Amino acid sequence: MSDEQELPFNQNLIQQLTGLDSLQLAWLSGYCWAKAKGNSTTANIPSNETPKTEAENSKPLKITILSASQTGNAKGVATALAERLKQQPVSFQQFFAKDYKAKNIADEELLLFVTSTQGDGEPPEEAVALYKFLHSKKAPNLSRLEYAVLGLGDSSYPHFCQAGKDFDKRFAELGATPLIPRVDADLDFQNTANEWIEQIVQLISQKSATKTQVKSESNTIAAASSQYSRANPFNATLLTNQKITARNAEKDIRHIEFDLADSGLSYQVGDALGVWFENDPALIMEIIEQIGLTGDEKVEINAQSFLLKEALRTQFEITQSTPAFVKGYAKFAENAELSALVEQPETLAQFIQNRPIISVLHQYPAKLTETQFIGLLRPLAPRLYSISSAQAEVGEEVHLTVGLVQFEQQGKVRKGAGSSYLAERVNEDTPVKIFIEKNDHFRLPQDNSKPIIMIGSGTGIAPFRAFIQQRAADEATGKNWLIFGNQRFTQDFLYQTEWQQFAKDGYLHQYDFAWSRDQKQKIYVQDKIRERAELIWQWLQNGAYLYVCGDASKMAKDVEKALLDVIAEQGKLNADDAEDYLNQLRENQRYQRDVY
Ligand SMILES: Cc1cc2nc3c(=O)[nH]c(=O)nc-3n(C[C@H](O)[C@H](O)[C@H](O)COP(=O)(O)OP(=O)(O)OC[C@H]3O[C@@H](n4cnc5c(N)ncnc54)[C@H](O)[C@@H]3O)c2cc1C
Ligand SMILES: Cc1cc2nc3c(=O)[nH]c(=O)nc-3n(C[C@H](O)[C@H](O)[C@H](O)COP(=O)(O)O)c2cc1C
């Protein structure tokens, strides 16, 4: 028999292969293989993996994109990755951590995980259950898992990208293999995120060349479409700016109202409002003079020309310093003390805490050019404020409860950029750029007969005012309990008359107030929780939902400890079982937090 007869196809085909380079040949082999499987999708660049059995190959690679986000950045990156993967001949699923069952992690094969860090180095609320599960005794073996982690963070925090680091470490401890090393991205994460996405897409397309490729729809949840968004904010008019702490109070807290008429914007209670603020002109000039410039120098940002003073007003963060800022500035300052300090990461982290840029400039003076200076700054990021109204009550308005950040340093009063903009620099004629930031991790129970317990301090009261407005508008039958703390009864009782009215109208059934400075011994909300242990347990047995809002670094942690103590004591559980109980509440959306 001739060779030609032995071959199942025409000899000419073989001749045509002569002259093809190795990449073209490899491409063809993938193409033919996919064809043989009865699948006509495009073949990809072959991988150099060890060959798999036919059965293994016929199973599409199980790819899961998971994001853990508080304010939408990680979610946005994960969704961008999903969009890119949709262009590839692969199937994948996308989940937001709040919809993801922690136990399912054991069945994953390739996990692409984007997480921000919140609080004091913690995972975002929606990923706390997963985090706790992975760190518990019940954590599964993950040896069949490959994963990639992109951490989003802010290098001005002492625990930069800690959640990403923790997840990465834990996946590896449980036997999983990194597809690529973890990437940590700072506030200006976009370029780093794009590079990470492209790297992942390339690796997946290589991997999936040896797999049957079935293109399927992801279950990506489309972002709410609205004309106005973070990227395209609405110019809102200020309606009210009223101080709601007493004249002599230590805290200056404002009740702020904006008009949403003609914006088409709507929100749910639990959502936050994003505000694109402008920096303080007085601080801008102080900075400019300190570095030896006039403010009229021209700078180029994204191919647009600005005067330096304009750029500092609308384009950059100029309050809180970061390690990158101090390190970069040290090169110009040529000061031995500062140069030594930036070489020690821990000392540097401590130094930048509570040290605004202007204080660094005064402490270690130096002259810089406009380009050198803006090269050290981070792009301006909007501030978020929990919405303190319900549209059912206020219609086309949105209300906020804003604490003015102010403190003294080097003999001068320094203020927070966003809070001082809202409290002091905006008037009825200043259009304020705003957008709605959805927060699906902080929602009233759908069944309005369920009781709720709201725990918060300071401006943490904001969403609870919205909750009760909504419960009243819905004529909800569930009981409402407020546990609120602030410094002094006579000076810091935010929305006092409104709470009295809610109680009168039958929408505030139980309340406890912790005034920390009204007596010698400090009393906080966590003390009230312990005092009320029996009643809290009773409410929990009756299906109560727990909500915590306000300070993340202390209050939220102390409240969680108190809740665990109550659960252990009243439920007669050991510490591990009390943790499990609270985790179960969390997974069932009965323990939700909005902390910052
Ligand atoms: C989801 C969410 C909801 C929020 N809801 C609310 C809300 O309802 N109400 C509200 O008021 N805020 C709320 N915040 C916080 C708000 O977004 C801002 O972070 C806050 O207003 C401070 O921003 P700023 O621009 O005024 O301060 P920045 O210019 O960002 O300055 C803050 C920095 O000042 C420094 N600093 C503060 N105090 C001192 C001090 N004593 N000494 C030295 N340095 C100091 C610290 O380094 C701090 O990081 C929320 C945040 C999030 C994420
Ligand atoms: C209240 C709060 C606390 C934060 N804590 C940290 C932190 O401890 N470490 C860190 O690296 N970044 C921290 N960040 C910065 C966020 O991780 C960063 O802004 C990220 O881009 C947010 O992504 P997200 O929108 O997906 O949540 C914090 C941000 C906020 C608002």
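Some points to look at:
- Flag set for Glu393, criterion: of a type in the set (D, E, K, R), in contact (Cβ under 8 Å) with a residue 60 or more places away in the chain, part of a helix (DSSP H, G or I) and away from ligand 2 (no atom under 16 Å from the Cβ).
- Single residue of segment 110-127 satisfying the filter (open to solvent by less than 10 Å² (accessible area, probe 1.4 Å) and not in a strand (DSSP E or B)) that is farthest from ligand 2 (Cβ to nearest atom): Ala127
- Here Phe167 clears all of (1) outside any helix (DSSP H, G or I); (2) buried (at least 23 other Cβ atoms within 10 Å of the Cβ) except the condition numbered (1).
- Qualifying residue in segment 375-383 (condition: in contact (Cβ under 8 Å) with a residue 24 or more places away in the chain and away from ligand 1 (no atom under 14 Å from the Cβ)): yes
Results for (1) over 25 Å from Ala272 (Cα atoms); (2) in a helix (DSSP H, G or I), shown as yes or no for each residue.
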{"position": "Thr71", "(1), (2)": "no, no"}
{"position": "Val77", "(1), (2)": "no, yes"}
{"position": "Glu83", "(1), (2)": "yes, yes"}
{"position": "Ser91", "(1), (2)": "yes, no"}
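- Pro379 satisfies every condition listed in (1) over 30 Å from Ile468 (Cβ atoms); (2) modelled with pLDDT of 95 or more; (3) open to solvent by 30 Å² or more (accessible area, probe 1.4 Å) except (2).
- Scope segment 170-194; condition within 20 Å of the chain's Cα centre (by Cα) and in a loop (DSSP other than H, G, I, E, B); matching residues: Arg182, Asp186, Leu187, Asp188, Phe189
- Among residues of segment 495-522 that are on the phi > 0 side of the Ramachandran plot, those with a Cβ under 6 angstrom from a residue that is basic (Lys, Arg), sequence gap 6+ or separate chain, pair up as Tyr495/Arg465.
- Qualifying residue in segment 551-565 (condition: in contact (Cβ under 8 Å) with a residue 12 or more places away in the chain and over 25 Å from Gln584 (Cβ atoms)): yes
- Of all residues making up segment 240-255, the number that are part of a strand (DSSP E or B) and open to solvent by less than 70 Å² (accessible area, probe 1.4 Å): 5
- If the condition is being surrounded by 13 or more Cβ atoms within 10 Å (Cβ to Cβ), out of contact with any helix residue (DSSP H, G or I) (no Cβ under 7 Å at 6 or more places or on another chain) and either at positive phi or assigned to a helix (DSSP H, G or I) (or both), then segment 329-348 contributes Lys331, Ala333.
- The residue pairs whose first member lies in segment 150-170 and is among the aromatic types (Phe, Trp, Tyr), whose second member is near ligand 2 (Cβ under 6 Å from one of its atoms) and at pLDDT 95 or above, and whose beta carbons are closer than 8 Å, counting only pairs six or more residues apart or on different chains, are Tyr157/Thr117; Phe160/Thr117; Phe160/Gly153.
- Checked against (1) within 23 Å of Asn235 (Cα to Cα); (2) assigned by TED's automatic domain parsing to the domain that holds Gly395; (3) open to solvent by 10 Å² or more (accessible area, probe 1.4 Å), Lys309 passes all but condition (2).
- Any pair with Cβ under 9 angstrom, 6 or more apart, that starts in segment 413-433 at a residue that is without any contact (Cβ under 8 Å) to a residue 24 or more places away in the chain and outside the structural domain of Pro356 (by TED's automatic domain parsing) and ends at one that is open to solvent by 10 Å² or more (accessible area, probe 1.4 Å) and within 11 Å of ligand 1 (Cβ to nearest atom): Val413/Gln406; Val413/Phe407; Glu424/Asp280; Glu424/Leu404; Glu424/Lys415
- Residue-level analysis places Ile453 among those that are more than 15 Å from ligand 1 (Cβ to nearest atom) and hydrophobic (A, V, I, L, M, F, W, C).
- The conditions of being at pLDDT 95 or above and away from ligand 1 (no atom under 16 Å from the Cβ) are met by Leu111.
- For segment 128-144, the set of residues classified as open to solvent by less than 20 Å² (accessible area, probe 1.4 Å), assigned to a helix (DSSP H, G or I) and either closer than 21 Å to Leu110 by Cβ or β-branched (Val, Ile, Thr) (or both) consists of Val128, Leu130, Leu134, listed by residue number.
Here is a yes/no grid of residues against (1) assigned to a loop (DSSP other than H, G, I, E, B); (2) in the same structural domain as Gly418 (by TED's automatic domain parsing); (3) more than 19 Å from Gly416 (Cα to Cα); (4) among the hydroxyl-bearing types (Ser, Thr, Tyr):
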{"position": "Glu257", "(1), (2), (3), (4)": "no, yes, yes, no"}
{"position": "Ser266", "(1), (2), (3), (4)": "yes, yes, yes, yes"}
{"position": "Gly270", "(1), (2), (3), (4)": "yes, yes, yes, no"}
{"position": "Leu293", "(1), (2), (3), (4)": "yes, no, yes, no"}
{"position": "Lys327", "(1), (2), (3), (4)": "no, no, yes, no"}
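- The number of residues in segment 373-422 being closer than 20 Å to Asp259 by Cβ and not hydroxyl-bearing (Ser, Thr, Tyr) comes to 18.
- When residues of segment 413-440 are limited to those that are modelled with pLDDT of 95 or more and basic (Lys, Arg), the one farthest from ligand 1 (Cβ to nearest atom): Lys433
- Selection within segment 545-562 - open to solvent by 10 Å² or more (accessible area, probe 1.4 Å) and not hydrophobic (A, V, I, L, M, F, W, C): Tyr545, Asp551, Ser553, Lys554, Lys557, Asp558, Glu560, Lys561
- Going through (1) within 16 Å of ligand 1 (Cβ to nearest atom); (2) among the charged types (D, E, K, R); (3) under 24 Å from Glu579 (Cα atoms) one by one, Asp168 falls short only on (1).
- Residue that is nearest to Gly460 (Cα to Cα) [pool: residues in segment 267-295 that are within 22 Å of the chain's Cα centre (by Cα) and open to solvent by less than 10 Å² (accessible area, probe 1.4 Å)]: Gly270
- Close pairs from segment 575-596: first more than 16 Å from ligand 1 (Cβ to nearest atom), partner not in a helix (DSSP H, G or I), Cβ under 7 Å, at least 6 apart: Tyr581/Leu573; Leu582/Tyr591; Leu585/Leu546; Leu585/Tyr591; Arg590/Tyr545; Arg590/Leu546; Tyr591/Leu546
- Looking only at segment 563-596, and only at residues there that are of a type in the set (Phe, Trp, Tyr) and under 24 Å from the mean Cα position of the chain (by Cα), the one that is surrounded by the most Cβ atoms within 10 Å (Cβ to Cβ): Tyr591
The values are calculated or read from the model by the stated rules, or taken from the named source; none is laboratory data. In this text the structure is predicted, and so the values were computed from the model without any measurement. Using ideal geometry, Cβ is built from the backbone for each residue, glycine included, and neighbour counts are taken over all protein chains shown. These accessible areas exclude ligands, DNA and RNA; they are computed on the full protein's heavy atoms, side chains included. Shrake-Rupley method; radii C 1.70, N 1.55, O 1.52, S 1.80 Å.
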